[in-house]
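Here is the structure we will look at, set down as structure tokens.
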Amino acid sequence: MYIIVDDRESVTNSYVGGLVREGVSSIGFSSGEFWDWLQSASESDLAAVDAFLLGDCDARGSLPRAMRKRSTAPIIAMSGQKMLKNTLELFESGVDDVVHVPIHLREILARTAAIARRRVGELPRPCETRIQVFFNGRDPEIAGHALTLPRRELRILEYMVSNHGKWITKTQIFNAVYGIFESTFDESVIESHVSKLRKKLRDRLGFDAIVARRYVGYRLNIPANETIDEPMQELDEVGILLNRAHAAPAAYPAGN
């Protein structure tokens, strides 16, 4: 989930709308609303945040450090001023990156992924398992062959690959796919998504890659000896995006 902070409602609506069309859950706040939420948000809610996008607001100089005290998610400042002094001030305030608007959403997603990748460090080589997930909206591959998945199932697989071997709850998956502020759907929808994804993986792999345990959750579990049958490109050659970017969206302006 992406959180956009900007005191201009038209700007937050523009970014939220663009991200949602790309299948990325997001929500916009004014600086005052965001400050109130940040102080009261639970750890599980904060863990669902992929990145904070910080636009124009009165508290932009102080918000990054407050964010960092509660979350490790990337903080990207969006600036309409291409001035060195302004850029340096934003970095000094504690943001992880500065982008200048107008900017394509694909670039924002790529920058978020790059920041997260540097923090995680060296990732496992995809050839260590039979599943290769690209984290950029591209269909995953099993033994070198594409597996076409609906948007929600792809996001679930991405989340499970990112947490390979760990038990993750239905609530965690729901927050990652739909966002923590979603009220239209119930968490039970995850059971249907996972069931369909589990069957598709089993049909391709020949075994259950997703383990389900009542009251505990789900776990992606692929034995280390389940190597692929064909060589595949290394992940860093393909590039990683944490969210989908099927097509280059129109540039989203910072507002007038």
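Scanning the range 43-62 for residues that are in a loop (DSSP other than H, G, I, E, B), of a type in the set (D, E, K, R) and under 22 Å from residue 25 (Cα atoms) gives 50, 56.
The residues on offer are 45, 58, and the sole one that is under 30 Å from residue 173 (Cβ atoms), modelled with pLDDT under 90 and surrounded by fewer than 22 Cβ atoms within 10 Å (Cβ to Cβ) is 45. Taking the range 174-190 as the range and being without any contact (Cβ under 8 Å) to a residue 60 or more places away in the chain and either surrounded by fewer than 21 Cβ atoms within 10 Å (Cβ to Cβ) or within 12 Å of the chain's Cα centre (by Cα) (or both) as the test, the residues that pass are 183, 184, 185, 186, 187, 188, 189.
Looking at the structure I just gave you, is residue 143 among the aliphatic types (A, V, I, L, M), modelled with pLDDT of 80 or more and either surrounded by fewer than 17 Cβ atoms within 10 Å (Cβ to Cβ) or more than 25 Å from residue 196 (Cα to Cα) (or both)? The answer is yes for residue 143. Within the range 1-40, how many residues are open to solvent by 60 Å² or more (accessible area, probe 1.4 Å) and either part of a strand (DSSP E or B) or without any contact (Cβ under 8 Å) to a residue 40 or more places away in the chain (or both)? Matching residues across the range 1-40 total 8.
Go through (1) closer than 29 Å to residue 158 by Cβ; (2) assigned to a helix (DSSP H, G or I) and name the single condition residue 65 misses. Looking at each condition in turn, residue 65 falls short on (1).
If only residues of the range 111-140 that are under 29 Å from residue 68 (Cα atoms) and among the charged types (D, E, K, R) are counted, the one that is modelled with the highest pLDDT is 111.
There is no residue in the range 101-110 that is at pLDDT below 90, closer than 19 Å to residue 202 by Cα and touching an Asp or Glu at 6+ places or on another chain (Cβ under 7 Å).
Just one of the numbered conditions (1) crowded, with 22+ Cβ neighbours inside 10 Å; (2) in a loop (DSSP other than H, G, I, E, B) is not true of residue 77: (2).
Looking only at residues in the range 82-100 that are in contact with a helix residue (DSSP H, G or I) (Cβ under 9 Å, 6 or more places away or on another chain) and assigned to a loop (DSSP other than H, G, I, E, B), which one is surrounded by the fewest Cβ atoms within 10 Å (Cβ to Cβ)? Looking at residues that are in contact with a helix residue (DSSP H, G or I) (Cβ under 9 Å, 6 or more places away or on another chain) and assigned to a loop (DSSP other than H, G, I, E, B), I get 94. Of the residues making up the range 159-175, those that are in a helix (DSSP H, G or I) and either within 19 Å of residue 208 (Cβ to Cβ) or of a type in the set (Lys, Arg) (or both) number 5.
The values are calculated or read from the model by the stated rules, or taken from the named source; none is laboratory data. Bear in mind that the values here come from a model prediction, so they are computed numbers and not experimental data. Glycine gets a Cβ as well: all are built from the backbone with ideal geometry, and neighbour counts include every protein chain shown. When the accessible area is computed, the model is the full protein with side chains, heavy atoms only, and any ligands, DNA or RNA have been set aside. Shrake-Rupley method; radii C 1.70, N 1.55, O 1.52, S 1.80 Å.
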